């Protein structure tokens, strides 16, 4: 007896007609059947999961081409929960396929939305990848590739600066600071919260950030710092009229912010958004 399901059994399991399954397989390469000695197709439980995943997306209003593109042609089982997505991304990195992370980010954003994807998937992913790189469990090239996969997706979300019902916020990384993904996620969250965001990015001179914020009449200038050695470049930054300087990032503390004449943003993205709203009031 041959292992796997024939197309009629796959159709019964998924509720999708055999002709439709054949069309999906030929046009979108979303199924990877095995072949019997006689050349007949046999489908696996993974194929069942992939068809069911597509049906879920179609029920949500996706077109089949969009859903198939989001699913991808990789021979992997689809993920559903945030935990599944995070584990799938870490598995892709561990198995030497970090480029797969980009597709999984697209899936996560489509299924879980921006806030859950950031909090439950991307923040833990980037933290874990950074730890593995520090402990030499991950090569620099792979770490950079994961970073760029995430950065490209965040860049699309950040393209619209927003209309700014709450006012304008300027965001920049401290001088010498190259790690900007956390700041990009904050910019996107602030825009969704109703702010007009002017994003300056990595390694921004303090005087330039203050100048831009002044010209933009920003209510808040947010500065991100992830490494303690970059804090020294921020001395005296807090003395700016009619503007609140907010310090955030892994190296930022309430004590450091107070010493610099700034205020501390808090520990995570949600806290930072709430802090900006309070400080600008």
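At-a-glance table
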{"read-out": "Criterion violated by residue 62 - all others in (1) assigned to a helix (DSSP H, G or I); (2) in contact with a helix residue (DSSP H, G or I) (Cβ under 8 Å, 6 or more places away or on another chain); (3) at pLDDT 90 or above satisfied", "value": "(1)"}
{"read-out": "Criterion violated by residue 104 - all others in (1) modelled with pLDDT under 90; (2) over 28 Å from residue 276 (Cα atoms) satisfied", "value": "(1)"}
{"read-out": "Subset tally (residues that are without any contact (Cβ under 8 Å) to a residue 40 or more places away in the chain, surrounded by 13 or more Cβ atoms within 10 Å (Cβ to Cβ) and outside any helix (DSSP H, G or I)) for the range 1-58", "value": "9"}
{"read-out": "Complete set of residues in the range 154-178 that are surrounded by fewer than 19 Cβ atoms within 10 Å (Cβ to Cβ) and more than 19 Å from residue 273 (Cβ to Cβ)", "value": "155, 156, 159, 176, 178"}
{"read-out": "Any strands (runs of 3 or more DSSP E) falling wholly within the range 163-242 and containing at least 2 residues that are in contact with a strand residue (DSSP E or B) (Cβ under 7 Å, 6 or more places away or on another chain) and over 19 Å from residue 263 (Cβ atoms)", "value": "196-201"}
{"read-out": "Number of the condition not met by residue 100 [criteria: (1) under 27 Å from residue 219 (Cα atoms); (2) surrounded by 17 or more Cβ atoms within 10 Å (Cβ to Cβ); (3) touching a helix residue (DSSP H, G or I) at 6+ places or on another chain (Cβ under 6 Å)]", "value": "(1)"}
{"read-out": "Any hit, the range 66-89, residues being part of a loop (DSSP other than H, G, I, E, B), touching a residue at least 40 places away in the same chain (Cβ under 8 Å) and farther than 17 Å from residue 179 by Cβ", "value": "yes"}
{"read-out": "Residue match in the range 220-240 (condition: more than 21 Å from residue 253 (Cβ to Cβ) and either in contact (Cβ under 8 Å) with a residue 60 or more places away in the chain or surrounded by 15 or more Cβ atoms within 10 Å (Cβ to Cβ) (or both))", "value": "no"}
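The values are calculated or read from the model by the stated rules, or taken from the named source; none is laboratory data. Predicted, not measured: the structure shown is a model, and the values here were computed from it. Reconstructed Cβ throughout: ideal geometry from the backbone, glycine too, with neighbour counts over all protein chains shown.
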